[in-house]
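A short worksheet on the structure shown next.
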Amino acid sequence: PEIGDADYDALYRELEALERAHPEWITPDSPTQRVGGAPLSAFRQVRHNPPMMSLDKTHSRADLLDFDTFLRRQVPDDVWDYVVEPKVDGVAFSLLYENGALVRAATRGNGEIGDDITANIKTLRAIPLRLADAPPLLEVRGEVYMSRAGFAALNRREEEAGREPFMNPRNAAAGSLKQLDPREVARRPLDAVLYATGAVKGATFPTHSGLLQRLAGWGFRTPPWLRLCVDIQAVLAAIDELEALRHTFPFEIDGAVVKVNRRDLYDRLGSTAKSPRWARAFKYEPERAETRIWKITVQVGRTGVLTPVAELEPVVLAGSEIARATLHNADEIARKDIRVGDTVILQRAGDVIPQIVGVVLDERGADAEPFAFPTHCPCDLRTQIARETTAAGAETVVRRCTGEFACPFQRLAHLRHFVSRRAFDIE
Ligand code: IVH
């Protein structure tokens, strides 16, 4: 932003007042028109021409060396740089500008056909509604995402309103774009980066790095980190550098993208049915950490359901400190044979809640005993625990305290629920 929020709001209110007095002055690209129109009943379909392709994945450094060898064989008489940039974990989308005016925004869909989400996309302040000195036709493509902070704030709001929280920022971004009411989308903390073109008439962009500069000049956000690499060895180094930085970005990145910088080679290199031959994605492994379980506690929920929780020696994983992890239920503990005192491997793979992947058996103490799930509720150590059955009589993984209102944990959970925002909303 060029100015602070307060200044922006003051200017915005002045503009609103002017437009109220002179409705004939309202233009379609006025900031007041970002949120407009009634909710849709369905999205119109959009055909992508050219199609929105995906990227072939490489899983190892050797794959990247093969990629380089392949390209050298295709264009033996030429030289080129590579660009390495973050692979933003969001939702691919496209923007169409005619004579500098935003006329259409669409989701990727299946690559051939997507949804027309123009009204939703116009609510994103990161998207320019008008471009200065733009070619007659310009389609730019990129990724809509939600920052980690925006995601956390949205989930707090969802939970307070009694709705299910979103699994991860990508889910939240995708779910937000699917809203039929743009006023709701305007409340979602969405952002976007642009990193490619679709159909273009009246302009050429000889290099990818030059394209990104032009896009930034028009006011688009572009990938916030980029390395220009003279050869594949430099690409490998850049991929390592980015991996070490991956948690310092305000949004999640799930890998690196390697692109040939010279766009004039794109036609010669061509594409497969699904992806261009001039680019590769390199996925990073989900981050893992080891720590010790010092205790397993059992929590009692409002309906009496018992949930075992691993209390951990605090460890930093994917940039934040983890001290607890859910063990889900007794069957899960038995299946993974998780014991108190065990060293366990934690993993965070896009999801916000870390998972226990498994136990490091080599480090298990000789006296470690299988976890004995309580047979009586921790509320009074007397009330029976019942295993829930389905209507057909089959046992499920759910165990409940049968104490109901006699169980103080259930009473407390009921009270919490009663005063909560979605019930009586008592502060
Ligand atoms: S280039 C024709 N650059 O990754 C290729 N894609 O797995 C156009 N993605 O569908 C894609 N960050 O949604 C490109 N810096 C980046 C990207 C990126 C994320 C997504 C994109 C694509 C998917 C492929």
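Taking amide H as placed 1.01 Å from N in the peptide plane, the amide H of A192 sits under 5 Å from that of Y145, each at least 5 places away or on another chain. Straightening the chain between F70 and A161 buys 27.4 nm, computed as 0.36 nm per residue apart minus the Cα-Cα spacing. Using a cutoff of 8 angstrom between alpha carbon atoms and counting only pairs six or more residues apart, the relative contact order for the chain works out to 15 percent. For a paramagnetic label modelled on Q299 (point 7 Å from Cα along Cα→Cβ), amide N atoms under 19 Å away belong, within segment 360-401, to 373-374, 377-380, 397-401. Distant-in-sequence amide contacts of Q299, defined by a placed amide H-H separation under 5 Å and a gap of 5 or more residues or a different chain, comprise T307, V309. Each pair of Cα atoms in segment 22-83 enters the Kirkwood radius, and Stokes-Einstein at 37 °C and 0.692 mPa s then converts it into a translational diffusion coefficient of 185 µm²/s. In plain terms, the C-alpha convex hull of segment 325-382 casts an average shadow of 5.1 nm² when viewed from every direction. For segment 183-286, the alpha carbon positions stretch 44, 38, 29 Å along the principal axes, listed from largest to smallest. Sorted from greatest to least, the principal axis extents spanned by the alpha carbons of segment 93-231 come out as 51, 36, 28 Å. Name the residue farthest towards the positive end of the dipole of the chain from the options G319, V103, C379, assuming +1 on Cβ of Lys and Arg, -1 on Cβ of Asp and Glu, about the Cα centre. Looking along the dipole axis, the top candidate is V103. Of the peptides 69-81, 289-301, 145-157, the ranking by mean beta-carbon count within 10 Å, highest at the top, reads 145-157, 289-301, 69-81. From the Kirkwood radius over Cα pairs of segment 250-345, Stokes-Einstein at 37 °C and 0.692 mPa s returns a whole-number translational diffusion coefficient of 189 µm²/s.
Shape summary of segment 20-123, radius of gyration then Dmax from alpha carbon positions: 20.5, 66 Å. With a Förster radius of 41 Å, plug the Cβ-Cβ distance of H328 and R47 into 1/(1 + (r/R0)^6) and report the FRET value to the nearest 0.05. Step by step, r from the Cβ atoms, then E = 0.40. Pairwise Cα separations in the chain fall into 20 Å bins from 0 onward with the following percentages, short to long: 20, 45, 29, 6, 0. Counting only pairs 8 or more residues apart or on different chains, how many lysine pairs in the chain have their Cα atoms under 13 Å apart? Counting lysine pairs in the chain gives 6. Working note: 222 nm ellipticity from helices only, DSSP H runs with n ≥ 4, each -39,500 (n - 2.57), summed and divided by the residues of the chain, gives -7500 deg cm²/dmol to the nearest 500.
Given a Förster distance of 60 Å, report the FRET efficiency between L415 and R20 from their Cβ-Cβ distance, rounded to the nearest 0.05. Don't skip to the answer; put the middle values down first.
Working: r = 48 Å, r/R0 = 0.80.
Computed FRET efficiency for L415 and R20 comes out at 0.80.
Dipole size of segment 170-257 about its Cα centre, with +1 on Lys/Arg Cβ and -1 on Asp/Glu Cβ: approximately 480 debye, rounded to the nearest 20. Here, segment 160-200 yields an orientationally averaged convex hull projection of 4.4 nm² when only Cα atoms define the hull. Using alpha carbon centroids, what distance separates segment 373-426 and segment 298-343, in Å? Using only Cα atoms to place each centre, the spacing works out to 18 Å. The Cα atoms of segment 283-427 define a convex hull whose projected area, averaged across directions, is 12.1 nm².
If the only charges are +1 at each Lys and Arg Cβ and -1 at each Asp and Glu Cβ, what is the size of the charge dipole of the chain around the Cα centre, to the nearest 20 debye?
820 debye
We did not get these values from a lab; they are worked out from the coordinates using the rules stated. Just so it is clear, the model here is predicted, and its values are computed rather than measured. Quick reminder, even Gly has a Cβ in these numbers, built from the backbone with ideal geometry, and neighbours come from all protein chains shown.
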